[in-house]
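Since the structure comes first, as C-alpha cells, the remarks are kept for the end.
Rule-based calculations on the coordinates, nothing more; no lab input. Values in this document were obtained by computation on a predicted structure and should not be read as measured data. When we count neighbours, we look across all protein chains shown, and the Cβ atoms used for this are built from the backbone with ideal geometry, even at glycine.
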Amino acid sequence: MTSNLTTTAALPADAPPLLVAGAAGTLGRAFRLVGRIRGLRTVCLGRDELDITSADSIGQALRRYQPWALVNAAGYVRVDAAETDAARCFRENTLGPLLLARACAAQNLPLLTFSSDLVFDGRQPRPYLETDPARPLNVYGHSKLQAEQVVLSRHPQALVVRTSAFFGAWDEHNFVHHALGAARQNRPFAAADDLLVSPTYVPDLVNTALDLLLDAEHGRWHLANAGGCTWAELAQLALRTAGLDPALVQPQPAASFGWPAARPGFSVLGSQCGQLLPSLESGLHRYLADEQLLHSEPPPAYLHEAHDA
Ligand SMILES: NC(=O)c1ccc[n+]([C@@H]2O[C@H](COP(=O)([O-])OP(=O)(O)OC[C@H]3O[C@@H](n4cnc5c(N)ncnc54)[C@H](OP(=O)(O)O)[C@@H]3O)[C@@H](O)[C@H]2O)c1
C-alpha cells in the first residue's frame, strides 16, 4: 500500500495565499494538509477568525490576507439534527455561501464551495450528472441546493463541487474509521444495505478540487471516487482491504436506524465532465497507508498537524 501523503514542498512566504474557511472541520484540515504537501501557501481560518455568516468578518479576512482564491470548507453537516435545527442549517449552509459569493464576486475572486449528493431524491436509475434535476428530501439537502443557486447567481465564476460520504485517515468521525474500529475489536458493525452512495477519499477530493480551482473552472462539478456502493458494501470492502473479517458487517435496511432525515436510496454521483477521481478501492488502499503513517513513531509533522488541528 502506498500513501500519497508523503512529500512536502517549500512554501513561498510572500505568495498570495489560498484562504480556507472552516479550518477545524474534516475538509478544512484536508486543505491545510494538501496545501502543505503541494507547496501552496494556505491560510485556514476557524469560525472565530472568519465567520462565513458575517459580511464584516468576511470583509476583514479578505482585506487582511488578500488571497488569490477563497475556499468554503465550512458548513452544517448534521443531516439528522438539521430537521429540527433548520434556521442554523440554512444560516451556515446557505446564507454563509451567499455572503462569500457576494464578497468574492465584488473582487472578482475565485470561490470554491461544496455541495452534496443529498440534493437528489434518488429516483433516478443511473448515476446523477451535474445537469440532472435536483429534488432534496431533507432540510440539509434543501439548504445545499439553495446555496448552489444563490452562489452561482451572485458569482457565476464560482466553482460548486458536489461530493459525498467523506472518509479521511486523520478524521475520527467518519464511517470507514468506525467500521474498522469495530472490526479491530471483533465487534459487529451495522450498516445500511439499501442506500447507494459515492464514498469519497478526502485527499482525492481536495487535490482534484484544487486542480479545478487552479484551472479557473467554474459551475457545478461532481467529484467522488469511482464506484458507488451501499454503506454495508463500503464497510465490507474497507474490512477486506484491511485484512479484517467482512462478516462482522451486519447489513440492515436504513429504516431500522430510525434516522429523522429522509435519505435518497440512490445518490451515486457521475459526471458529464469526466471521472476525475480514482477508484474507491484505490482510495481505501491509500486511506490504510495514510492511517499507518499517522500512527507511525514519530508521525510525519505535516500529517500530525492536520490531525491535531
Ligand atoms: N462530510 C461529508 O461526508 C460531506 C459530504 C458531502 C458534502 N460535504 C460538504 O463538505 C463541507 C465540509 O464538510 P465537513 O464534513 O468537513 O464538515 P465538518 O467536519 O462538520 O466541518 C465544518 C466546519 O465548518 C465550521 N463552520 C460552521 N459554521 C461556520 C461559520 N459560520 N463560519 C465559519 N466556520 C463555520 C465548523 O466550525 P465549528 O467547529 O466552529 O462548528 C466546522 O469546523 C460542507 O459544505 C458539507 O456540506 C460533506
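So here's what we get for this one:
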read-out	value
Neighbourhood charge, 14 Å Cβ-Cβ cut-off, centred on residue 202 and excluding it, Lys, Arg +1 and Asp, Glu -1	-2
Sequence-distant residues sharing a close amide H with residue 220 (under 5 Å, placed H)	160
Length-normalised contact order for segment 74-211 - Cα pairs under 8 Å, 6+ apart - percent	25
Among 219, 22, 122: highest mean-square fluctuation, GNM of the chain, C-alpha pairs under 10 Å	219
Centre separation in Å (Cα based) which lies between segment 241-264 and segment 42-75	37
Net lengthening on full extension, residue 245/residue 81 (0.36 nm per residue, minus Cα-Cα)	55.8 nm
Percent RCO, i.e. relative contact order, over segment 18-300, from Cα pairs under 8 Å lying at least 6 residues apart	19
222 nm mean residue ellipticity, helices alone, for the chain (DSSP H n ≥ 4; -39,500 (n - 2.57); rounded to 500)	-11000 deg cm²/dmol
Separation of alpha-carbon centers, segment 163-220 and segment 106-132, rounded to whole Å	17
Within a Gaussian network of the chain (alpha carbon springs, distance under 10 Å), most fluctuating of 214, 237, 111	214
Candidates 121, 194, 215: whichever shows maximal mean-square fluctuation once the chain is modelled as a Gaussian network with Cα springs under 10 Å	215
Separation between Cα centres of segment 280-294 and segment 83-98, rounded to whole Å	33
Cut-off 13 Å between beta-carbons: net charge of the residues surrounding residue 162, Lys and Arg +1, Asp and Glu -1	-2
Residue order, fewest to most surrounding Cβ atoms within 10 angstrom, among 297, 281	297, 281
